[in-house]
Structure formats: C-alpha cells, structure tokens
1. Sort out which residues of the stretch A:175-210 are surrounded by fewer than 22 Cβ atoms within 10 Å (Cβ to Cβ) and in a strand (DSSP E or B), and write them in order of number.
2. Exactly one condition in (1) among the acidic types (Asp, Glu); (2) in contact with a strand residue (DSSP E or B) (Cβ under 7 Å, 6 or more places away or on another chain); (3) more than 14 Å from ligand 1 (Cβ to nearest atom) is false for B:GLU17; which is it?
3. Just to verify a result, which residue in the stretch B:194-208, among those that are away from ligand 2 (no atom under 16 Å from the Cβ) and among the β-branched types (Val, Ile, Thr), is farthest from the other protein chains (Cβ to nearest Cβ)?
4. Out of the stretch B:201-211, which residues are touching a strand residue (DSSP E or B) at 6+ places or on another chain (Cβ under 6 Å) and either crowded, with 20+ Cβ neighbours inside 10 Å or β-branched (Val, Ile, Thr) (or both)?
5. For the stretch B:53-75, give me the residue count where each residue is more than 10 Å from every other protein chain (Cβ to nearest Cβ), within 16 Å of ligand 1 (Cβ to nearest atom) and not aromatic (Phe, Trp, Tyr).
6. Quick check on the stretch B:76-98: of everything there that is within 16 Å of ligand 1 (Cβ to nearest atom) and in contact with a helix residue (DSSP H, G or I) (Cβ under 7 Å, 6 or more places away or on another chain), which residue is farthest from the other protein chains (Cβ to nearest Cβ)?
7. Provide a single number: the residues in the stretch A:116-130 that are under 15 Å from the mean Cα position of the chain (by Cα) and hydrophobic (A, V, I, L, M, F, W, C).
Amino acid sequence: MNIPSVDSEQLLNIGYDACAASCGNFMVLDHTILDIESRYQGLKVMPLAKAFDVYPHIREKLFFGIVDKDKNEYTRMSYNSEPVGYYIRVEEGVKIEEPLQAAFLFGEQGSTQLIHNIIELCDGAEINIVNGCTTATHHSQGTHVGITETYLGKNSSLGFTMLHNWGNTVEVFPVGAILVGENARYISNYVAMTAVKKIVSYPVAHVKQGGSARFFSIIFAKKGSYFDSGAKALLEGAGANGEIIGRVVSDGGTVISRQMLSGNEPGTVGHMECSGLLLNENGVIHSIPELRGAHPDINLSHEAAVGKISTEELSYLMTRGLTEEQARSLIIRGFLDIKIEGLPAKVQALVDEVIERSIAGSI
Amino acid sequence: MGFLEIKDLHVSVAGKEIIKGIDLTLERGKTAVIFGPNGSGKSTLLGTIAGLPGYEITQGTILFKGQDLGTLSIDEISRLGIGISYQYPPAIKGVKLQTLLQNINNNPEGIASWSKALNLTDFLQRDINVGFSGGERKRSEILQLLLQNPDLMLFDEPESGVDIENISVIANVVKTMLEKEKPISQRTRSSIIITHTGFILDYVKADIAYVIMDGHVRGCGSPGEIFEEIKLHGYEKCASCFAEQFQGIKTGDER
Ligand SMILES: Nc1ncnc2c1ncn2[C@@H]1O[C@H](COP(=O)(O)OP(=O)(O)OP(=O)(O)O)[C@@H](O)[C@H]1O
Ligand SMILES: [Mg+2]
C-alpha cells in the first residue's frame, strides 16, 4: 500500500497490510476514507454516513445507542458533525475466518480527528476485526477521538483487536461500548506499545444472559506517556461472564489502569487481573480494580500486582551468559505475553509481531 | 596459576556470615564433590562463585583463570566459563525454554538432539520451569548447561528429586559433558558437584571430596572413603576423623 502522505513504516507498526489475506478493508486518513472493501458475501463494510441511508435502524437505534452523546465534549462534537467511520455488518449465521483490517491514520497537524464506528453482528455471526491506529508520519500532532459502538446479536462472536501506534504529540480519546447479546462472545485485545501524549479509554460492555466479554490489554508506557485506560464489564444477564486482564510496563510513563466488574444476576462470573512492571523510578502504575456484586449467587474476583523485574529471574538468565539487557528484554517480552484464547493464530501472530517490533526498538 | 583458587573466603547473606573462611582449589579437568549437612553453606558457596546477588564477599578471594570473580558481573563470570545448575531454579513466565536456549547458544541441532537425550523435547515450547516437576527442572538445568558448555560446571544437587531412570539419563549426560571417557590428561572441563545421596557418583567419578560444615571445610580427601564414613557415622561424629585426614592433606600440600 503506497499513500504519499503516509509512512509505510507506520502501517507496518499496526500490522496493516492490504495485500495480506483479509475478508475486508477499511482505511481512513484524517476524515477521508481511502480504502473500503468487503471481499466476503454476508459482510458489509461501508462508510457510516452512507449506511444511514441503507439501514434506517442505524440512526434510529444504534447511533449513540449505547454511548451517551453528552458523555463529554468530544462525543457532543462528534454528534454534531457528519460521521466519519465504518459500519460493519455481518449477516445472520455468517462465520468469517479471515480477519477484517481497518486502519485509522492521523495526519493533519494540530487538528482533531473525529471517528465514529458501528459494528453490528446479526445472530450467530462471527468475525475478527483488527483495528490499527497510527499517526501518518512521525511528526503528526493533535487529537484523535474514536467512538465505537458494537452490537452483538444472539450467539454471535467478535474478536476485536486494537493496535495503537500514536506519537508523543497526540492525545487520544477512544469511547467504546459493546452490547453483548444472549450467549454472544466478545474478545477485545488492546495493544499500545509506542509513546503517546495521552490516552483516556474506558470501554463498557453490557453482557446479557449467557454472554461473555473478555478484555485483554498490553500497555508499554514510555517516558512522557500518559494512559488512563481500562475496561468495564456489566454482567446484566444470568450466567454472564466477564474477564479483564491487563499487563502494564512503565518505562517512565504513567498508567492508570481501571478495571470494573459488576454482577447483578445469578450465576454471573468474572475475574480481573492487572500486573504492572516498573522498569525505573520515573514511572507510575496505578491499578484501580473495582468489583460490585448485587446478587448473592455471583463470583467476582481480582488480582493485582505492581513491582519490578525479579532479581532472581534476571540473575538466573545472566548466569547463562545473557547480558543484563538481553535478560531484561526476555523477561519483559515474557511478561507481556498473554495467551488470548479464541484469537485466531493469524491475529495472534500479528500482535506478537507488533510487540516484537516495538520492544526491539525500545529496550 | 591455578584454574579455580578460593582463598580464605568469607561470605555474608543478609548480614549474617554463612561462609566462614573456605580454601578450595580445583585444577582443570578435575571434578570435586561437596558433602555437608543442610544449611552448611554449600549452595552459598556455588552461588558466590557464580556471582549471584545477595552473597557478599566480606573477606578472601575467588580466582578463576587468574581473574578475581569478586570484581565481575554475573554475565561476565558466565562468559569467562562458569555455569551453574541450580538447586532451586526459578520459573519465568512467558519465556519459552527454547527461546532461552537459543539465547544461550543458537545451535538448532544441539538444542534438538540434547533436549531429546534429556527427554525434554515436549518442554521446549513451555515457559521456563513453569509447572515443571522437580525432576523436569533438574533436566532443564542440565540442558541449559549443555548449550552453555562452560569450562567449570557447578552442579547443585543435580539428582535430588529425580527418579532412578532419569538419574542415569542426567548422570550419563554429565559424564559426557565432563569428558570422563577421555584420558585424564586430556580432560578440559572441571566441575563441583553437591550431592547428598551420592547417586551421581556411581556414574561420574569425582577426583576429590570436600566436607563443608557450618561454613568451614571440615575435611577433604577421597570421595569414596569420605562418603562411606558419612554414611556410617554421620557428619557430627565424623567431623573429628575428617579433621585428622584433612590435616594430613594440608601438611602434605605444604611440603
Ligand atoms: N537470603 C537469606 N537470608 C537469610 N539466610 C539465608 C539466606 N540464604 C541462605 N541463608 C542461610 O544460609 C545458610 C546456608 O544455606 P545454603 O543454601 O548455602 O545451605 P546448603 O548447604 O546448600 O543446604 P542444603 O543442603 O539444604 O541445600 C542456611 O542456614 C540458610 O538459611
Ligand atoms: Mg543447597
């Protein structure tokens, strides 16, 4: 893929490869859609503005259906402007193996990019979506706002991977909400490995009867980076499941990790985990786990740990001849390696590659 | 210049003196075995040689190939040719055994054949020591040492917790590592082996035995004889007879 105003390197950092096998593509630069395509029957990918005309229910029910338009200044700004973003729809019972790739590029200096996406999976549909967000060049600066509303029908399944590769001059405000229908499965996989000025992100999943929402996140906070991020799973139906797993490394950056599970119905089960690794004394990791139970027949738990690299592990590797640097980087890689069940091997490989690339460039 | 020369070594751990003046020398190609009761300072001695943190040398020196190990970092000691098989190796989440082996020595054939020899092929894709049984950990230690191929190998109870069949697997590998099939004069690998059971000595012949008690060397001499004494009379009762033997060796040395 060759776009004059976009560094191909930046696309690699979010794993975007238009030639690789995928079921569909989407690419937007600032507010201009550069690429949009579905290569699969039963999969619709179209600009949200256009989808309003094709599917009236979007504007009526889905657009700001689970995100409050008055949530903050950005949602209001977004509500009042022509929406730019994708509408992805997978028809009933359609199961797609190849992932869909989407890229959000930010290029215009000093501007605010407003994105609004809506994903709708009909009953029994399955898909994996890989979203990459990056600055178009190393020098771009400004604000990115990305609203994503996700609606999962009964028994449907969505793997939603988000790879962030912003620069230290960009502020990012994603707003995510997910409605997980009966017995539907939602897996979110968030990876942010490069410097960013500020990210505030706290997606909320409403999980209906028998459904499950699982959030995995990997954050590497470089010096000067500020993350206020996490996830919330509201287990609103009997037997709903939630899982929130975070790995945070601070190399001088600040990370506030918020995780919340709330169980209101019998048989709801949830677990969350936040492990933080501080590489030096300049960083801060602040883990804020919250559990809320409103029914006796629930099981919610959390684990959190913040600390440094174990001296014992470090010296163990060094007695084998590895330098301290090599040993540290192996341990950090290992720490960030969460095995995400249900993620297709191809997406996992892509995630691993993105992590590998940025660790190689940073430790 | 000796190969390994430990002189009047005193080591403190967490402010407490554990090694209280140890002298020990080892020539190239030789194997020493260390006996001693629990808590006597055996692992502390090996850990100090390997340069592990927490072991503070308060007096004396360790010279290896003429270099003072007290001045070197862990990885420098390792690259100088010292490797250790841990009594209690740590587990490292997320790091595959294979990845570590490749970092030690990127030798795919070696990794494949030696892991097979140690029944560890299925463990290459597992995280280092995570969920490994006691015996599996010991085998993984030996595998790592094999790839590292150091001149001086420190084995801290390589056979404890290992079943009979795997003891012979481990011991035969160790025997090969130490070039025991070669004539004495041609051996270049040296080692110090800590053992309580002595099982490994049925396969790997040691040249000399040291008995460490309460941070001191209480005796040294023929491995077979000393081990027999310990089995018959226990450490405390033997302390005096070791001492006599030890004196003899010492005066012998000084002549
Ligand atoms: N970190 C530590 N803090 C306090 N004491 C320690 C520490 N590490 C070792 N020690 C003490 O040092 C002494 C010697 O320990 P070491 O592990 O060297 O014994 P050992 O001879 O190898 O025993 P074993 O046969 O049981 O393996 C023990 O009394 C032990 O409790
Ligand atoms: Mg010991």
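The values are calculated or read from the model by the stated rules, or taken from the named source; none is laboratory data. What you are looking at is a predicted structure, and each value in this text was computed from that prediction instead of being measured. Quick reminder, even Gly has a Cβ in these numbers, built from the backbone with ideal geometry, and neighbours come from all protein chains shown.
1. Result: A:ALA177, A:ARG185, A:ILE187, A:LYS198, A:VAL200, A:SER201, A:VAL204, A:HIS206.
2. Result: B:GLU17 passes all but (3).
3. Looking at residues that are away from ligand 2 (no atom under 16 Å from the Cβ) and among the β-branched types (Val, Ile, Thr), I get B:ILE208.
4. Keep residues of the stretch B:201-211 that are touching a strand residue (DSSP E or B) at 6+ places or on another chain (Cβ under 6 Å), which gives B:206-211.
Selection gives B:ALA206, B:ILE208, B:ALA209, B:TYR210, B:VAL211.
5. Pass one, the stretch B:53-75, residues more than 10 Å from every other protein chain (Cβ to nearest Cβ): B:55-72.
Now narrow it down to the ones that are within 16 Å of ligand 1 (Cβ to nearest atom): B:55-58, B:62.
Imposing the further condition that a residue be not aromatic (Phe, Trp, Tyr) reduces the set to B:56-58, B:62.
Of the residues in the stretch B:53-75, 4 are more than 10 Å from every other protein chain (Cβ to nearest Cβ), within 16 Å of ligand 1 (Cβ to nearest atom) and not aromatic (Phe, Trp, Tyr).
6. Just the residues of the stretch B:76-98 that are within 16 Å of ligand 1 (Cβ to nearest atom), to begin with: B:84-90.
Now restrict to residues that are in contact with a helix residue (DSSP H, G or I) (Cβ under 7 Å, 6 or more places away or on another chain): B:84-87, B:89-90.
On the way: B:ILE84: 5, B:SER85: 10, B:TYR86: 7, B:GLN87: 12, B:PRO89: 7, B:PRO90: 5 Å.
The qualifying residue farthest from the other protein chains (Cβ to nearest Cβ) is B:GLN87.
7. Looking only at that region, the number is 4.
Each row is one residue, and each column tells you yes or no for (1) aromatic (Phe, Trp, Tyr); (2) within 29 Å of B:ASN103 (Cα to Cα); (3) in contact with a strand residue (DSSP E or B) (Cβ under 7 Å, 6 or more places away or on another chain).
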| residue | (1), (2), (3) |
| --- | --- |
| A:ASN280 | no, yes, yes |
| A:VAL284 | no, no, yes |
| A:GLU290 | no, no, yes |
| A:ASP297 | no, no, no |
| A:ALA304 | no, no, yes |
| A:ILE309 | no, yes, yes |
| A:LEU314 | no, yes, no |
| A:ARG320 | no, yes, no |
